[in-house]
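The values are calculated or read from the model by the stated rules, or taken from the named source; none is laboratory data. Keep in mind that what you see is a predicted model, and the values were worked out from it rather than measured. With ideal geometry, Cβ positions are generated from the backbone for all residues, glycine too; neighbour counts draw on all protein chains shown. Ligands, DNA and RNA are excluded from the accessible area calculation, which covers all protein heavy atoms including side chains. Shrake-Rupley method; radii C 1.70, N 1.55, O 1.52, S 1.80 Å.
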Protein chains: 2
Amino acid sequence: MQTIEQPKSLTEQTYDILLNAICSGEFEPGERLNQDEIAASLKVSRQPVNSAISLLKANGFVEDTGRRGVVASPISPEQFLSIYEFRSAVEPFAIRLAHERKPADAAQEAEMMLKRGWEAVRSNDPHQQIAVDFEFHEMIYTWAGNDTIQTTMRTNWHHIRRSMAVVVRGVVSADTSWTEHSRVIEALMQGDVERAEDEMKAHIDRATAKAVARLLEVNAAPSEVP
Amino acid sequence: MQTIEQPKSLTEQTYDILLNAICSGEFEPGERLNQDEIAASLKVSRQPVNSAISLLKANGFVEDTGRRGVVASPISPEQFLSIYEFRSAVEPFAIRLAHERKPADAAQEAEMMLKRGWEAVRSNDPHQQIAVDFEFHEMIYTWAGNDTIQTTMRTNWHHIRRSMAVVVRGVVSADTSWTEHSRVIEALMQGDVERAEDEMKAHIDRATAKAVARLLEVNAAPSEVP
DNA sequence: ATTAAAAATTTCGTATACGAAATATGTGTT
DNA sequence: AACACATATTTCGTATACGAAATTTTTAAT
């Protein structure tokens, strides 16, 4: 399943840079992406920029407007919710698989991860918190040994990250999140799959609830008129 | 969530054509994709071909070889299994959502779909059977009203289709499949979610078992020596 | 006849060029 | 001033061009 490690092409590098720019909010939802400007600022030709934009479009990070060019996709609460809903089924399933397949040193790995999680909480850096949060869940996916889960969730995560960065501006109560992560790991290490699944389900549901609350809060706030 | 309908660009058209060529087995696993040849045969320049290949790479249908260019990805039983495993969690979940959200005319729609399914079985055309099978499941995803499920599954389905066409060569006992589909719908229409979920789970598990059996059968057959 | 090195060819990634459609600017009319 | 229409400019998608790396073919040496 692993591909040969190639030095990244300009197209891929451009994709990574643009994806990050979109997810971090440098491009606001609805903002147009000008190929010439991007090419100039990255000091590449328009060719890799154009290709990268096709990739972004395929993954839903930009979209056509019916006019010229593309814009960073508007963030829809619907999409955000659909991802969380999706996770509420997939994450507990990943736990079940992880229970069956986790490696011998899973406990140590988990301990280190939880430590890093709490460090991130203390750091008060939202970007750091979002990053480590994903690493925690990715660790579970890896234990689950199912490549489809891993690939699928990685793309979804970028969408979540974007919503967090752009709409919610910051992570949603990272401290309670890591308490919940700990509970999941505890149950999993004790071999109690049912409880581990339930804890994960509860974790996702609580995260959803909080995220939705923030979303409504932000949407309720009056937006400036141009 | 729906994007504005644009007349498809050459890049997108090329992507669709190549994806289909790969999934139908016109390009065998491991076979190289020559950009010049493809461009010439489609009567376009190499530019859209190059872009399309980037898209295929991102979705795992072709991969780098460490040498020049890309090849149609080898089909790994692992990937095939990982998709089925994934489905065994997602499909029952889609049923649960569909139960809550299916439209008023779901019953009629289902009836027509089942009818088409049986027609496909009678037709004895594997391509037709694979296509209608997907349509059935896609109908459920649509009822489920979760765009992430729909998008994710569409890509996965191409991978499944490819395995079917290239490795398994034909659909796996389509007739029992539609008996199972009928059972799912019956339970769903009676409002018995639990049973509908179980039937769907059983359906996927049986499909997996059959596909795996075919896979082993094919792999066991001695391959010709060059 | 093998093998090694050199030269020629292929083929990719990326840059540049071009035409068309979309958008912006200007000009004239009322 | 407000609008209609013409003209200029921008910007995209795609074609073509170019340089470099990979691959094949040729040539030369043992």
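Against the list (1) open to solvent by 40 Å² or more (accessible area, probe 1.4 Å); (2) at pLDDT 95 or above, the condition residue B:88 fails is (1). Of all the residues in the range A:7-47, those that are of a type in the set (S, T, N, Q) and near DNA strand D (Cβ under 8 Å from one of its atoms) number 3.
Would you please name the residue that is farthest from the other protein chains (Cβ to nearest Cβ), looking only at residues in the range B:10-30 that are within 13 Å of DNA strand C (Cβ to nearest atom) and either among the aliphatic types (A, V, I, L, M) or exposed (fewer than 15 other Cβ atoms within 10 Å of the Cβ) (or both)? Step by step, filter the range B:10-30, then rank; the result is B:18. Hey, among B:111, B:119, B:100, B:78, which residue is more than 16 Å from DNA strand D (Cβ to nearest atom), surrounded by fewer than 22 Cβ atoms within 10 Å (Cβ to Cβ) and within 19 Å of the chain's Cα centre (by Cα)? Among B:111, B:119, B:100, B:78, only B:78 is more than 16 Å from DNA strand D (Cβ to nearest atom), surrounded by fewer than 22 Cβ atoms within 10 Å (Cβ to Cβ) and within 19 Å of the chain's Cα centre (by Cα). Could you please find all residues in the range A:55-98 being among the aromatic types (Phe, Trp, Tyr) and either within 15 Å of DNA strand C (Cβ to nearest atom) or within 15 Å of residue A:161 (Cα to Cα) (or both)? Those that are among the aromatic types (Phe, Trp, Tyr) and either within 15 Å of DNA strand C (Cβ to nearest atom) or within 15 Å of residue A:161 (Cα to Cα) (or both): A:61, A:80, A:84. Flag not set for residue A:135, criterion: part of a helix (DSSP H, G or I), closer than 27 Å to residue B:90 by Cβ and within 14 Å of chain B (Cβ to nearest Cβ). Among the residues of the range B:48-59, write down those that are within 13 Å of DNA strand D (Cβ to nearest atom) and touching a residue at least 24 places away in the same chain (Cβ under 8 Å). Hits for the range B:48-59 are B:48, B:49, B:51, B:52, B:55. Only one of the numbered conditions (1) of a type outside the set (D, E, K, R); (2) in contact with a helix residue (DSSP H, G or I) (Cβ under 9 Å, 6 or more places away or on another chain); (3) within 11 Å of chain A (Cβ to nearest Cβ) is violated by residue B:74, and that is (2).
For residue A:41, the criteria (1) within 13 Å of chain B (Cβ to nearest Cβ); (2) free of Cβ contacts under 8 Å to residues at least 24 places away in the same chain hold in every case but one, which is (1). When every residue of the range B:33-56 is checked against the conditions, none turns out to be touching a Leu at 6+ places or on another chain (Cβ under 9 Å) and open to solvent by 80 Å² or more (accessible area, probe 1.4 Å).
Residue by residue, here is whether (1) touching a residue at least 60 places away in the same chain (Cβ under 8 Å); (2) closer than 19 Å to residue A:97 by Cβ holds:
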| position | (1), (2) |
| --- | --- |
| B:75 | yes, no |
| B:81 | yes, yes |
| B:84 | yes, yes |
| B:92 | yes, yes |
| B:97 | no, no |
| B:104 | no, no |
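Criterion first (open to solvent by less than 20 Å² (accessible area, probe 1.4 Å) and out of contact with any Gly (no Cβ under 9 Å at 6 or more places or on another chain)) does residue A:143 satisfy it? Spelling it out, residue A:143 is indeed open to solvent by less than 20 Å² (accessible area, probe 1.4 Å) and out of contact with any Gly (no Cβ under 9 Å at 6 or more places or on another chain).
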